[in-house]
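Q: Take a look at this one; I'll ask things after.
The values are calculated or read from the model by the stated rules, or taken from the named source; none is laboratory data. Worth saying up front: this structure is predicted, and the values here are computed from it rather than measured. Neighbour counts are summed over all protein chains in view; Cβ atoms, including those assigned to glycine, are modelled from backbone coordinates with ideal geometry. Just so you know, the surface numbers come from the protein's heavy atoms only, side chains and all, with ligands and any DNA or RNA stripped out. Shrake-Rupley method; radii C 1.70, N 1.55, O 1.52, S 1.80 Å.
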Amino acid sequence: MKMLALAALLATPAAAQDVAVTDVTVVDTRTGALAPHRTVVIRDGRIAGVGADRPPAGAKVVRGTGKFLIPGLWDFVTHVSWTRVSALPVLVANGITAVRDEGGDLAETAIWADGVRSGRIVGPTIFQVGPMLNGTSFNRYQYALGTPEQARGAVRLLKFQGVDGLEIERRVPRAVYFELMQEAKASALPVSGKVPMEVTPIEASNAGQATIDNLETIYDGVFGAAHEHDLIAGIDAFLKLEGGGTTLFATLTRNGTAVTPSLYAVAYALAHNDPAAPRDPNYRYVARSQRHPIKPVPAEELELFRTMLPRLQQTTRRLQQAGVMLLAGTDIAADRVPGFSLHDELDLLAAAGLTPLQVLQAATLNPAKVMRRTADYGTVERGKMADLVLLDADPVRDVAALHRIAAVLSHGQLFNRSALDRLLITASQQAEAS
């Protein structure tokens with residue numbers, strides 16, 4: 001069944017032909033400046049030119065009049081193995097041309113990543129992080145590290161296997177964590193993930209952790225076990241402590257430690273577990289093998305999610321105001337909706353108080369910086385990868401413009417609106433078979 005699903009998503013690599021997006025407004029993700037009436041030429045999977053020149057002879061012309069061109073979007077926290085291969089075209093159809101896969105089956109995602117690179121599979125570039133490194137394994141995508149020696153060995157092995165980074169979980173013991181961080185630094189592998197329960201966020205930042213993912217783990221690190229049975233009390237104490245921006249925010253900013261709030265994960269938990277809430281119509285893009293029936297949950301648990309979300313957004317706003325780099329990541333896994341969830345995350349970031357440009361940066365420029373790939377991604381410039389999204393409206397003026405996708409270029413392959421709609425139809429069919 002898995003092989004049938006994969007085969008149906010295979011794409012015939014497009015013949016080499018220049019693509020020229022003409023008379024388009026190019027958005028500078030660094031400043032928000034708009035450069036109108038530009039011709040952007042794509043050749044061999046990269047941007048060959050950005051200027052006012054006429055399109056080259058024989059190029060496929062895409063009229064960009066009245067439209068806006070941005071770099072492809074990133075979903076910085078995904079679990080692709082846990083969403084299945086049918087999620088890949090859904091991501092592209094939503095303008096997502098790169099993902100950071102944390103905690104997956106390396107052999108499986110390597111096949112998918114190679115298929116995407118070769119053009120045989122429609123999907124985003126997959127940056128592989130490997131298994132989730134934890135003190136105790138709670139699922140088949142986690143690897144338990146019990147000693148510092150095991151941590152060193154795991155880092156070296158993953159480096160040998162060619163991963164793009166490492167992902168850390170909450171139950172890694174303190175001594176193991178710091179040994180892992182030293183080995184990762186020596187191996188030039190960025191470490192992202194949760195703040196371990198025995199480590200503070202300041203210690204994690206000073207140790208060189210590149211990102212803190214899932215914002216609620218910051219509260220654990222600040223207060224330890226003091227509020228483990230009352231998360232809201234812990235969050236409220238944190239918000240009071242951070243009233244004017246204190247040592248933690250300053251440390252994160254100074255060290256360049258980015259934060260991925262993953263607000264969608266909390267919003268989804270609230271909506272998905274509320275029997276009064278309607279089922280998300282995009283649930284059809286979730287692989288059937290990963291779907292779970294809605295089960296009643298205690299009212300106090302729903303109230304926890306409902307109370308937590310605005311507090312997370314308040315913290316997100318303060319992080320942005322303090323100059324901490326923010327990233328857009330959904331933490332999609334199991335039955336969380338792929339692709340569309342990133343736009344939910346971007347809307348939640350905007351509702352938290354980020355400007356449209358800051359939201360755009362969280363999904364384009366900032367992840368390229370964190371992954372040390374700004375030579376290829378994050379801006380629309382000559383020489384960059386031809387991962388681009390053509391929008392019907394100005395995303396610097398309104399975040400809602402990011403929902404209005406006219407076309408996507410993934411590895412230089414053009415998908416107009418009709419092609420994107422066909423991708424979604426195919427993906428929903430394959431989700432039923434996965």
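Q: Please go through segment 334-362 and pick out each residue that is free of Cβ contacts under 8 Å to residues at least 40 places away in the same chain and within 13 Å of Pro261 (Cβ to Cβ).
A: Answer for segment 334-362, where residues must be free of Cβ contacts under 8 Å to residues at least 40 places away in the same chain and within 13 Å of Pro261 (Cβ to Cβ): Ala351, Leu354, Gln358, Ala362.
Q: Can you work out which of the residues in segment 266-286 that are at pLDDT 90 or above and either charged (D, E, K, R) or not in a helix (DSSP H, G or I) (or both) is surrounded by the fewest Cβ atoms within 10 Å (Cβ to Cβ)?
A: Residue satisfying both the conditions and the ranking: Arg284.
Q: How do the strands (runs of 3 or more DSSP E) wholly within segment 360-434 filter down when requiring 2 or more residues that are crowded, with 22+ Cβ neighbours inside 10 Å: which remain?
A: Those strands (runs of 3 or more DSSP E) span 388-391, 405-410.
Q: So Arg318 passes all but one of these: (1) more than 29 Å from Pro281 (Cα to Cα); (2) assigned to a helix (DSSP H, G or I); (3) open to solvent by less than 50 Å² (accessible area, probe 1.4 Å). Which condition number does it fail?
A: (3)
Q: Something else now. Specify the residue that is nearest to Tyr283 (Cα to Cα); the eligible residues are those in segment 61-77 that are part of a strand (DSSP E or B) and open to solvent by 10 Å² or more (accessible area, probe 1.4 Å).
A: Phe68
Q: So, one more: Gly162 passes all but one of (1) surrounded by fewer than 21 Cβ atoms within 10 Å (Cβ to Cβ); (2) in a helix (DSSP H, G or I); which number fails?
A: (2)
Q: So Leu342 clears everything in (1) at pLDDT 95 or above; (2) outside any loop (DSSP other than H, G, I, E, B); (3) surrounded by fewer than 23 Cβ atoms within 10 Å (Cβ to Cβ) except one condition, right? Which one?
A: (3)
Q: Then there's this: Go through segment 78-114 and count every residue that is closer than 26 Å to Arg156 by Cα and either of a type outside the set (A, V, I, L, M, F, W, C) or open to solvent by 20 Å² or more (accessible area, probe 1.4 Å) (or both).
A: 17
Q: Does segment 132-145 contain any residue that is more than 17 Å from Ile212 (Cα to Cα) and part of a helix (DSSP H, G or I)?
A: no
Let's see how each residue does on (1) surrounded by 21 or more Cβ atoms within 10 Å (Cβ to Cβ); (2) modelled with pLDDT under 90; (3) out of contact with any Cys (no Cβ under 6 Å at 6 or more places or on another chain):
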| position | (1), (2), (3) |
| --- | --- |
| Thr211 | yes, no, yes |
| Asp220 | yes, yes, yes |
| Glu228 | no, yes, yes |
| Ala237 | no, yes, yes |
| Gly245 | no, yes, yes |
| Ser262 | yes, no, yes |
| Arg288 | no, no, yes |
| Pro296 | no, yes, yes |
| Leu302 | no, yes, yes |
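Q: Return only the number of the condition from (1) open to solvent by less than 10 Å² (accessible area, probe 1.4 Å); (2) of a type outside the set (S, T, N, Q); (3) at positive phi that Gly119 does not satisfy.
A: If we test Gly119 against (1) open to solvent by less than 10 Å² (accessible area, probe 1.4 Å); (2) of a type outside the set (S, T, N, Q); (3) at positive phi, just (1) comes out false.
Q: So Ala333 passes all but one of these: (1) closer than 22 Å to Ser86 by Cα; (2) surrounded by fewer than 18 Cβ atoms within 10 Å (Cβ to Cβ); (3) of a type in the set (Gly, Ala, Ser). Which condition number does it fail?
A: Result: Ala333 passes all but (2).
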